[in-house]
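Peer 1: Quick one: the structure is below, and I'll ask about it shortly.
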Amino acid sequence: MSTSKKYGNWALIAVAMLLFGTAIATIQFKVPVVMGDIMANMDMDASSASWLMSIFTFVGIVLALPTGALAKKFGPKTMLLAAAAIIAAGSLLGAFAGNGMVLIVSRAIEGVAFIFVTICGPLAVQKYVAPDKIGSATGIWALWVCLGSVVGGVLTPTLYASTGFVGVWVIYAAAAVVFAIVVAVIVKAPGKALEEAAEPAAGGKVGYGEFVKPNILLFFAAFLVFNMTLMAVLSFGPTFLQQQGVDPTLSGFVSTLPMLLAVISSPLFGALSDKLGRCKPLYLAAMLVMGPCTLILLTQTGPLMWVGAIVMGLVGLGGPVMCLTSYINVLGRPELMSIGMGVLMLIQSLGQFLGTWLVPLLLGPDVSAWMFTGIVMCVIGFAGTAALALCKFK
């Protein structure tokens, strides 16, 4: 009897996880499209209102490592279900918040649930999906933030108009709880029915010193650079395009087109990695295009702009699923995965922070040095590709 037959249906598990993750990500992205109304209703200025989104990144940096340790102790499924309870509590607090400060606190609570899912989602795929289908399942799971941002951006204005602020907060929380129940029913430990077990303690105690080995640091460097380049495009691409006279709506679409195209590239790269039995060549291809595409999207309009957006989406955005799928092979020891996922998500948060911090410095006070900025980000992209090329995958 093959080992894979002990596992549940990989596609069903992946879709259940994706629905739950999308519900969580939708809650993160429900704010931007109704920010103006929230500021007016809560009497918030722009500075305090910005915390309604940035608190998520802050919580991720602070809680990434502790969450990895908790996942090792309690197991990924337990942590995902805990995330549903936490986000419901945070959303209910926010729904009836009487002022901006309480609303920010509620968003911080929601952010705790978000980092739980960010770290424990990939761990659940690794644990509950047959080894020969992990790439395919991760390819589906990796779409959760992309789909959540789309659903949050498209659905929220209509829902807000019909149900109001309280309705949006309560309905999205209820959806997260419903899909958490789906996860509880469908996602099961292989051959153990409903039993949930934490990782075995094979190989002795795990310390953070395990993650400062040269080979693992090369892997982290590549993922750091990936997030820096992606965030540079998402955060500053629209500003460049609008400076060149591009319509704001079109500029936003161009900058987010790579994320939309991830619906194609993420499952495709995952399936290809399962078929080839290798991740590194696909990950290298994704990293190789990130620098040049960032250069294009920060300096070009017209046909070349579209080429950059499409190539980044169809090739570059295959990178995250390859990173998540190959991580266990780089670590070499399965017992490192839970704590290691916390470290990896810390690297992701740092990369996103550096991407938004470095670009304004490169642009200068008059926000005009776009070619210089694009070239620097391209060089950084190539440096990340070189780091990945030197990294050994076991």
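The values are calculated or read from the model by the stated rules, or taken from the named source; none is laboratory data. Remember, predicted model here, so these are calculated numbers, not experimental data. A quick note on method: Cβ atoms are made from the backbone with ideal geometry, for glycine too, and the neighbour counts reach across all protein chains shown. Keep in mind that these areas ignore ligands, DNA and RNA; they rest on the heavy atoms of the full protein, side chains included. Shrake-Rupley method; radii C 1.70, N 1.55, O 1.52, S 1.80 Å.
Peer 1: All but one of (1) of a type outside the set (Lys, Arg); (2) over 27 Å from Ser235 (Cα atoms); (3) open to solvent by less than 40 Å² (accessible area, probe 1.4 Å) hold for Leu52, so report the exception by its number.
Peer 2: Failed condition: (2).
Peer 1: A follow-up question, please. Take the residues in segment 285-321 that are more than 25 Å from Leu344 (Cα to Cα) and among the small types (Gly, Ala, Ser), then tell me which one is nearest to the chain's Cα centre (by Cα).
Peer 2: Here the residue is Ala309.
Peer 1: Regarding segment 61-74, can at least one residue be identified that is in a helix (DSSP H, G or I) and under 30 Å from Ala161 (Cβ atoms)?
Peer 2: no
Peer 1: Counting only residues that are farther than 13 Å from Ala286 by Cα and free of Cβ contacts under 8 Å to residues at least 60 places away in the same chain, give me the helices (runs of 4 or more DSSP H) lying completely in segment 310-394 with at least 3 of them.
Peer 2: Counting at least 3 such residues, we get 337-363.
Peer 1: Hey, could you check segment 209-236 for residues that are among the aliphatic types (A, V, I, L, M), open to solvent by 40 Å² or more (accessible area, probe 1.4 Å) and closer than 18 Å to Met337 by Cβ and say which is nearest to the chain's Cα centre (by Cα)?
Peer 2: Among them, the one singled out is Leu217.
Peer 1: Provide a single number: the residues in segment 99-138 that are hydroxyl-bearing (Ser, Thr, Tyr) and under 24 Å from Val31 (Cα atoms).
Peer 2: So the answer is 2.
Peer 1: Here are some conditions: (1) more than 15 Å from the chain's Cα centre (by Cα); (2) closer than 20 Å to Ile61 by Cα; (3) buried (at least 22 other Cβ atoms within 10 Å of the Cβ). Thr356 meets all but one. Which one does it not meet?
Peer 2: (3)
Peer 1: Can you name the residue in segment 263-278 that is of a type in the set (A, V, I, L, M, F, W, C) and open to solvent by 20 Å² or more (accessible area, probe 1.4 Å) and is also farthest from Phe240 (Cα to Cα) among such residues?
Peer 2: Per the stated criteria, the residue is Leu276.
Peer 1: Does Val33 satisfy the condition of being modelled with pLDDT under 90, part of a helix (DSSP H, G or I) and open to solvent by less than 40 Å² (accessible area, probe 1.4 Å)?
Peer 2: Considered against the rule, which asks whether it is modelled with pLDDT under 90, part of a helix (DSSP H, G or I) and open to solvent by less than 40 Å² (accessible area, probe 1.4 Å), Val33 comes out as no.
Peer 1: Let me ask another. Filter segment 89-114 down to the residues that are crowded, with 24+ Cβ neighbours inside 10 Å and of a type in the set (A, V, I, L, M, F, W, C) and list them by number.
Peer 2: Leu103, Ala113, Phe114
Peer 1: Take the residues in segment 332-348 that are open to solvent by 10 Å² or more (accessible area, probe 1.4 Å) and over 19 Å from Cys391 (Cα atoms); name whichever of them is modelled with the lowest pLDDT.
Peer 2: Among them, the one singled out is Glu335.
Peer 1: If you don't mind, there's one more thing I want to ask. If only one of Leu260, Leu304, Leu284, Leu314 is farther than 19 Å from Leu234 by Cα and surrounded by fewer than 20 Cβ atoms within 10 Å (Cβ to Cβ), which one is it?
Peer 2: Within the list Leu260, Leu304, Leu284, Leu314, the selection yields Leu284.
Peer 1: Further question: Starting from segment 39-54, take each residue that is more than 23 Å from Val112 (Cβ to Cβ) and in the same structural domain as Ile109 (by the TED database) and list its partners that are assigned to a helix (DSSP H, G or I) and open to solvent by 70 Å² or more (accessible area, probe 1.4 Å), counting only C-beta distances under 6 angstrom and pairs at least six apart or across chains.
Peer 2: none
Peer 1: Identify, please: which residue in segment 1-27 is assigned to a loop (DSSP other than H, G, I, E, B) and surrounded by 13 or more Cβ atoms within 10 Å (Cβ to Cβ) and is, among those, modelled with the highest pLDDT?
Peer 2: Asn9
Peer 1: Report, by residue number, each residue of segment 55-88 that is crowded, with 22+ Cβ neighbours inside 10 Å and of a type in the set (Val, Ile, Thr).
Peer 2: Thr67, Ile87
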